Amino acid sequence: MMRIAQVAPLYESVPPRLYGGTERVVSYLTEELVRQGHYVTLFASGDSITSARLWPICPRALRLQGGSAAPLAPLAHHLMMVERVIQEADEFDVVHFHLDYLPFSQIRRQETAALTTLHGRLDIPDLFPLFREFDDMHLVSISDAQRRPMPWVDWLATVHHGLPESLYPAQLQEGKYLAFLGRISPEKRVDRAIEIAARVGMPLRIAAKIDPADQAYFDKEIRRLLDRPGVEFIGEIGEHEKAEFLGNASALLFPIDWPEPFGLVMIEAMACGTPVIAFRQGSVPEIIEGGRTGYIVDTVEQAAEAARNIHLIDRRLCRARFEQRFSARQMCKQYVRAYQGVMRGTERAAANRRVPFALLPEGLVAEELPADAIAQD
């Protein structure tokens with residue numbers, strides 16, 4: 001059994017109360033690692049709920065503190081967490097960061113096995129010089145599509161997200177409405193979802209978060225569309241509400257217009273037995289099997305036609321493919337393999353570290369050291 005540190009972002013609790021993809025995945029992974037007998041320490045906000053040992057960095061999720069009188073400094077909290085993790089690194093066999101590039105400088109300066117899962121998009125030119133400098137970091141992608149802009153880095157593996165198999169029950173009876181779940185933002189294209197539903201004459205239910213950064217977009221572009229017949233805007237929902245929302249839908253619409261790194265809502269729908277109609281962007285072709293667990297489309301017209309034919313998708317197969325490909329158990333298995341690989345690499349690096357002959361302790365002869373541990377002239 002391994003001693004593992006999981007280091008989560010502090011914006012949401014683990015698991016999050018409402019929206020929060022990264023923190024949700026960290027929770028699923030942490031709980032599955034504990035269930036399998038590993039000793040796990042979770043560095044997260046103090047309002048997190050876990051069966052692992054919780055090391056709280058701030059009293060509660062930073063997003064929940066946003067309305068407080070005192071202004072927040074999120075970077076300060078995260079830098080403090082990285083420092084705490086590094087100070088305690090000797091306690092762990094492996095440290096698993098979920099903070100993107102923030103801990104890279106510290107990782108480079110310590111000997112504990114460490115890896116980072118990147119959860120965001122990587123097709124941003126400003127990132128390239130940074131990742132070229134830190135090309136010695138051990139990285140995990142959440143889809144093959146995510147890693148394509150940076151082929152030069154040390155990719156350990158692609159590990160798709162997974163959910164506990166008991167989280168959502170399958171609803172095998174076809175629903176009566178189309179569903180949109182996620183964030184309202186330009187790249188998520190809820191306007192496409194509204195147009196698709198209108199073309200096929202089906203109700204559309206929208207459960208979505210509006211970030212402050214997207215409020216102006218919502219007010220200018222989306223608010224007026226919500227008055228259309230058949231459109232129901234529910235707002236942000238939590239995990240306990242998703243089973244009913246997704247399970248009772250005929251299909252989930254995923255009409256994205258950006259290189260989505262993963263798209264957790266797609267496998268949430270599949271877990272409920274609900275097929276997905278998704279635009280061909282980012283990770284979509286890796287997650288959705290066209291004609292089996294949904295339809296992959298390129299236009300609104302194709303999406304409307306897919307919605308008309310959604311009854312041809314076997315909801316039992318959607319659930320079965322979720323269990324085979326996207327369970328927390330399967331995700332955990334792949335991460336454990338990655339941990340073991342990093343630990344072996346760290347051990348080899350330590351064993352091959354050369355010791356100058358002049359610095360050998362008195363009385364120790366060269367024959368007592370591995371051949372590759374002796375400095376060469």
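Please treat every number below as a calculation from the coordinates, not as lab data. Keep in mind the model is a prediction, meaning the values are calculated, not measured. Cβ: placed from backbone, ideal geometry, glycine included. Neighbour counts: every protein chain shown.
How long are the semi-axes of the equivalent ellipsoid of the chain, taking √(5λ) for every eigenvalue λ of the Cα gyration tensor, in whole Å from largest down?
So the three semi-axes of the chain are 43, 22, 19 Å.
Which of Glu91, Glu239, Glu133 moves the most in a Gaussian network model of the chain with Cα springs under 10 Å?
Highest fluctuation of the listed residues: Glu133.
Picking from Glu31, Glu268, Glu221, which is most flexible by a Gaussian network model of the chain using Cα springs under 10 Å?
Glu221
Report the extension gain between Leu18 and Arg308 in nm, rounded to one decimal, defined as 0.36 nm multiplied by the number of residues separating them, less their alpha carbon distance.
Stretched fully, the Leu18-Arg308 segment lengthens by 101.3 nm.
From the residues Ala320, Pro164, Ala8, which one has its Cα farthest along the dipole of the chain in the positive direction, the dipole being from +1 and -1 charges on Cβ of Lys/Arg and Asp/Glu about the Cα centre?
Ala320
Could you please state, rounded to a whole Å, how far the C-alpha centre of segment 243-322 is from the C-alpha centre of segment 31-66?
Taking the Cα centre of each part, segment 243-322 and segment 31-66 sit 31 Å apart.
Let me spell out the model: positive unit charges on the Cβ of Lys and Arg, negative unit charges on the Cβ of Asp and Glu, origin at the Cα centre of segment 87-135. What dipole size does that give, in debye rounded to 20?
The dipole magnitude comes to about 220 debye.
Taking 30 Å as R0, compute the FRET efficiency from the Cβ-Cβ separation of Met1 and Glu165 and round it to 0.05.
0.85
Kindly identify segment 1-104 as rounded, prolate or oblate by the Cα gyration tensor criterion: order the square roots of the eigenvalues as a ≥ b ≥ c, call it rounded if a/c is under 1.5, otherwise compare a/b with b/c, prolate if a/b is larger, else oblate.
Here segment 1-104 falls in the oblate category.
Based on Cβ point charges of +1 for Lys and Arg and -1 for Asp and Glu, what charge dipole magnitude is obtained for segment 3-158 about its Cα centre, in debye rounded to the nearest 20?
Approximately 420 debye in magnitude.
Of Leu246, Gln215, Ile234, whose Cα points farthest to the positive end of the dipole of segment 177-325 (charges on the beta-carbon: +1 Lys, Arg; -1 Asp, Glu; origin at the Cα centre)?
Leu246
For the chain, what number of Lys pairs, 8 or more residues apart or on separate chains, have alpha-carbon atoms under 18 Å from each other?
Number of lysine pairs found: 5.
Subtracting the Cα-Cα distance from 0.36 nm times the residue separation, let me have the gained length for Trp258 to Glu133 in nm, one decimal.
Gain on stretching Trp258 to Glu133: 42.3 nm.
May I ask for the Kirkwood hydrodynamic radius of segment 177-325, worked out over all distinct Cα pairs and given in angstroms to one decimal?
15.1 Å
As a test of the formula, what do you get for the chain when each DSSP H run with n ≥ 4 contributes -39,500 (n - 2.57) and the sum is divided by the residue count, at 222 nm and rounded to the nearest 500 deg cm²/dmol?
That calculation yields -9500 deg cm²/dmol at 222 nm.
Could you give the nm distance between label points at Gln324 and Gln215, where each point is 7 Å from its Cα heading toward the beta carbon?
Going by the 7 Å Cα→Cβ label model, 4.7 nm.
Show the residues, 5+ positions off or on another chain, whose built amide H is closer than 5 Å to the amide H of Val231.
Residues meeting the amide H criterion: Leu204.
Please list, ordered by chain and number, the residues whose modelled amide H lies under 5 Å from the amide H of Ile49; skip anything fewer than 5 residues away on the same chain.
When sequence neighbours closer than 5 places are left aside, the close amide H contacts are Val14.
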